[in-house]
Amino acid sequence: MERQNSGRVEVPLSTLRDGESGVVSSITPCHGRGWGFEKRLMDLGITPGTKITVVKSAPFHGPVEILVRGSRLALGRGMADRILVEVDRK
Amino acid sequence: MREKKLVIALAGNANVGKSVIFNYLTGLHQHIGNWPGKTVERAEGTLHFRGYTIDIIDLPGIYSLSTYSLEELVSRNYIAVERPDLVINVIDASVLERNLFFTLQLIELETPMIIALNQMDIAREKGIEIDIERLEKILKVPVIPTIATKGVGVFQLLEKAVEMIEKGTIKPAKIEYGGEVEEKVNDLVKMLEKLQLKYPPRYVAIKLLEGDQEIEQKVNWISPQIVSTAKEIAKEIERLHGHSCPTVITSERYEVAGCIAREVQRLVVPAKPSISEKLHNITTHKIIGYPIMISLLLLIFYLIFTFGNYTSDLLNNILYGYKPLFTDLFGSGFLGTIVWGAIEGVIAGTTIALPYIVPFYIILYLLEDSGYLSRIAFLMDNVMHKMGLHGKAFIPVMLGFGCNVPACLGCRIMETERERLIAAFVSTLVPCAARSVIILGLVGAFMGIQWALMLYIIDLLIIFSLGRLAFKVLPGEPTALIMEMHDYKLPHFGTVLKETWFRVAEFIKIAFPLIIVGSLAIKLAESFGLLEPIATILSPVTVTWLGLPAVTGITLIFGVLRKELTLVMLATLMGTANFAIVLTPVQMFVLALVAMLYIPCVATIAALVREFGWKKASFIAIFEIAFAIILGGVTFRLLTLANI
């Protein structure tokens, strides 16, 4: 799942630790479901190039709480799996 | 001279205080209905100001003007086609960037507008200061700072709105996108300017690049060539940026919103976290978030049902106290019995609706307004996902344990029709207080508490599997949780009470006629001596298949009115409340099981009709009857085989 990209790694948002930030690189489309959910995410400010900070995730693979463009959002785990972000990882 | 009429629409994101402003402006002169042919709510109110009669339309809270949801479509068509005299864009000063994203789309529509920069107090608490003059200059739109919950700035807002309409409106600034996207938009605008379109050319150009199907169709009627040119341009943009064209446009728009926000706001992060921040951290905490939620819910539950039981009994006693007076007036003959039947319906409705539903709504709106509802959804998302629903659905299901009616009405908090329906269906299977009376009063009392517990477990399993089944069978995509958790704030009590009042009035309108007709029908059947024949007609099902005494056919019919009547009537007809004499343990268990599942009560059916229409409501009712009968019969045979 991980891809090396000039020192930065591209990982799903759901793999970020609490407090870690990443920059959105792309949103994986969902098979056979149109693009409604992508549109929704983007309307809420999750567009490529946006910085996202993971605040925490609910236990047992629950939703993820993120900060994006000054607002606080909750995303279902499946949704967070489809948002790919670039992070600095040594 | 007749007063001149003006129409002003309120538009903005969800949870920015739009409805508080709406309530301040219109008071009780409100009308809540649906948009024609849509399940989207339409709130409209009037006020008189400076010789004008002003109609205020409160548009649904949305994040964008695309066609993602019905709410967005309704709002967009209203602004673009019906053209109100002015749009008041209510924005949350504490989340400026995201709110400006919506403002920019309103500006693209070239609608005359002003901005209410609301929740200034929350912004200040977060250390955000906004240069209002600068914002006005950039957008070329008047901006009025407001704190709607305290009524601050609402009068100035209205003054400014009327002033703008009288002056004839100033055009908002053209908001330019970055480099070549702006160029491409302009190319399209030049082509579109030649056509006579209802919409502004720049708006159409942007929507075409966004691949908006509704606009595409409309332009295609006039000039298919422009649509194909737009598609080529979109492909070029896609090639240049490496993302789909709608993504690029949305990103660009957010880029502009971000630039404006950064230019006008100054952030002084407060030294210590605010109270709302602390509350958020505690209530969504991985460990202590759950006990807090459970205790709070139990407390609410306890409060609603203590209050409900008490007031329900009180009302019952008062209302039944008039029976002797009534009998004196109408006598106890045929007419008297029938009219009393109708009145009993009203009593049943009143003693259900008022004591339980009113406090339920008040608490629901308090939870929603304060922001706690979204935290519950965050904590419960995981569990509800197993049923194909997301976190928010936990709320109606939980309420169902008290009464299914508010549970069904509470399903409105779900985003899509499909989820509303699944959640409502699941809620009707939850054992409400009345069904608990049957389970505990029959099975619990005469067979032992472990059997009662078993019924609850069976019910939960059924809820879970039927929920999953509905989720698999119903067409449409399951929506994952995408939800804003806005900052905690003190709810505005006036707005909460008004919302409650409108919901209750709505419920009375729908449920009361049905309840009255229902109890009239049963009274009529009773006085014509039809109950016995009905029991006989039903006996193949009740006696042969379910193994119950024939008389249960009658009690189950009464149970449709109010579920606990199943038990009450059984005692009356059997002439004893010691059911151990008249029923075998197997019969008790089967009867309780069937009563638990066989049909939502009349009030719940009314709520289903209100929310989903007759067709879906009857389908749910018929399905549950069939399901209960089949399951009841199978259980009867299994238990008999097991020799219990």
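Which of the residues that make up the range A:67-83 are touching a residue at least 12 places away in the same chain (Cβ under 8 Å), more than 11 Å from B:Glu484 (Cβ to Cβ), out of contact with any Gly (no Cβ under 7 Å at 6 or more places or on another chain) and not in a helix (DSSP H, G or I)?
Those that are touching a residue at least 12 places away in the same chain (Cβ under 8 Å), more than 11 Å from B:Glu484 (Cβ to Cβ), out of contact with any Gly (no Cβ under 7 Å at 6 or more places or on another chain) and not in a helix (DSSP H, G or I): A:Leu67, A:Gly76, A:Ile83.
Considering each residue of the range B:71-89, count those that are touching a helix residue (DSSP H, G or I) at 6+ places or on another chain (Cβ under 8 Å) and under 23 Å from A:Leu41 (Cβ atoms), and give that number.
The qualifying residues number 2.
Residues of the range B:392-416 being buried (at least 24 other Cβ atoms within 10 Å of the Cβ) and within 14 Å of another protein chain (Cβ to nearest Cβ), which ones?
Listed by number, the residues that qualify are B:Lys392, B:Ala393.
Which numbered condition in (1) crowded, with 19+ Cβ neighbours inside 10 Å; (2) in a strand (DSSP E or B) is the only one that B:His48 fails?
(1)
Filtering the range B:53-71 down to residues that are among the aliphatic types (A, V, I, L, M) and surrounded by 20 or more Cβ atoms within 10 Å (Cβ to Cβ), which residue is farthest from the other protein chains (Cβ to nearest Cβ)?
Checking each candidate, the answer is B:Ile54.
With over 30 Å from A:Val68 (Cα atoms), in a helix (DSSP H, G or I) and in the same structural domain as B:Ala407 (by TED's automatic domain parsing) as the only criterion, which of B:Phe464, B:Phe502 stands out?
None of the other options fit; the residue is B:Phe502.
Hey, could you check the range B:224-250 for residues that are more than 14 Å from B:Lys184 (Cα to Cα) and within 12 Å of chain A (Cβ to nearest Cβ) and say which is surrounded by the most Cβ atoms within 10 Å (Cβ to Cβ)?
Here the residue is B:Thr250.
For the structure I just gave you, tell me whether B:Ala480 is crowded, with 17+ Cβ neighbours inside 10 Å, within 14 Å of chain A (Cβ to nearest Cβ) and not polar (S, T, N, Q).
Criteria met by B:Ala480.
Which residues, counting only those in the range B:45-88, are in contact (Cβ under 8 Å) with a residue 40 or more places away in the chain, farther than 19 Å from B:Pro200 by Cα and of a type in the set (S, T, N, Q)?
B:Thr53, B:Ser69
If I ask for residues that are crowded, with 20+ Cβ neighbours inside 10 Å and either in contact with a Cys (Cβ under 7 Å, 6 or more places away or on another chain) or among the hydroxyl-bearing types (Ser, Thr, Tyr) (or both), which ones from the range B:124-176 would you list?
Selection gives B:Thr146, B:Thr149.
Exactly one of these conditions fails for B:Pro475: (1) modelled with pLDDT under 85; (2) more than 14 Å from chain A (Cβ to nearest Cβ); (3) out of contact with any Asp or Glu (no Cβ under 9 Å at 6 or more places or on another chain). Give me its number.
(2)
Among B:Thr428, B:Thr416, which is the only one that is over 28 Å from B:Val590 (Cβ atoms), touching a residue at least 40 places away in the same chain (Cβ under 8 Å) and among the hydroxyl-bearing types (Ser, Thr, Tyr)?
When all the criteria are applied, what remains is B:Thr416.
Take the residues in the range B:254-305 that are in a helix (DSSP H, G or I) and of a type in the set (D, E, K, R), then tell me which one is farthest from A:Ser57 (Cα to Cα).
Only one residue fits best here, namely B:Glu263.
Check B:Leu389 against each of (1) surrounded by 21 or more Cβ atoms within 10 Å (Cβ to Cβ); (2) part of a helix (DSSP H, G or I) and name the one condition it does not meet.
Here B:Leu389 clears every test but (2).
Somewhere in the range B:300-319, is a residue closer than 20 Å to B:Leu490 by Cα, surrounded by 12 or more Cβ atoms within 10 Å (Cβ to Cβ) and either assigned by TED's automatic domain parsing to the domain that holds B:Thr500 or without any contact (Cβ under 8 Å) to a residue 24 or more places away in the chain (or both)?
Within the range B:300-319, one or more residues are closer than 20 Å to B:Leu490 by Cα, surrounded by 12 or more Cβ atoms within 10 Å (Cβ to Cβ) and either assigned by TED's automatic domain parsing to the domain that holds B:Thr500 or without any contact (Cβ under 8 Å) to a residue 24 or more places away in the chain (or both).
Please work out which one of (1) assigned to a helix (DSSP H, G or I); (2) within 26 Å of A:Glu38 (Cα to Cα); (3) within 12 Å of another protein chain (Cβ to nearest Cβ) is the condition B:Gly211 fails and give its number.
Status for B:Gly211: all satisfied but (1).
Filter the range B:475-497 down to the residues that are more than 30 Å from B:Lys150 (Cα to Cα) and not β-branched (Val, Ile, Thr) and list them by number.
The answer is B:Pro475, B:Gly476, B:Glu477, B:Pro478, B:Ala480, B:Leu481.
Does B:Ile115 satisfy the condition of being of a type in the set (A, V, I, L, M), outside the structural domain of B:Ile249 (by TED's automatic domain parsing), within 28 Å of B:Ala271 (Cβ to Cβ) and assigned to a strand (DSSP E or B)?
no
Is it true that B:Leu461 is surrounded by fewer than 19 Cβ atoms within 10 Å (Cβ to Cβ) and either within 14 Å of chain A (Cβ to nearest Cβ) or over 24 Å from the mean Cα position of the chain (by Cα) (or both)?
For B:Leu461, the condition - surrounded by fewer than 19 Cβ atoms within 10 Å (Cβ to Cβ) and either within 14 Å of chain A (Cβ to nearest Cβ) or over 24 Å from the mean Cα position of the chain (by Cα) (or both) - is met.
Please go through the range A:66-75 and pick out each residue that is facing chain B (nearest Cβ under 7 Å) and either surrounded by fewer than 22 Cβ atoms within 10 Å (Cβ to Cβ) or more than 10 Å from the chain's Cα centre (by Cα) (or both).
Scanning the range A:66-75 gives A:Arg69, A:Gly70, A:Ser71, A:Arg72, A:Leu73, A:Ala74.
May I ask you to say which residue of B:Pro549, B:Pro513, B:Pro600 is assigned to a loop (DSSP other than H, G, I, E, B), out of contact with any Gly (no Cβ under 6 Å at 6 or more places or on another chain), at pLDDT below 85 and not aliphatic (A, V, I, L, M)?
After ruling out the rest, the residue left standing is B:Pro600.
The values are calculated or read from the model by the stated rules, or taken from the named source; none is laboratory data. Everything numeric in this text was worked out from a predicted model, so none of it was measured. All Cβ positions, even for glycine, are placed from backbone atoms using ideal geometry, and neighbour counts span all protein chains on display.
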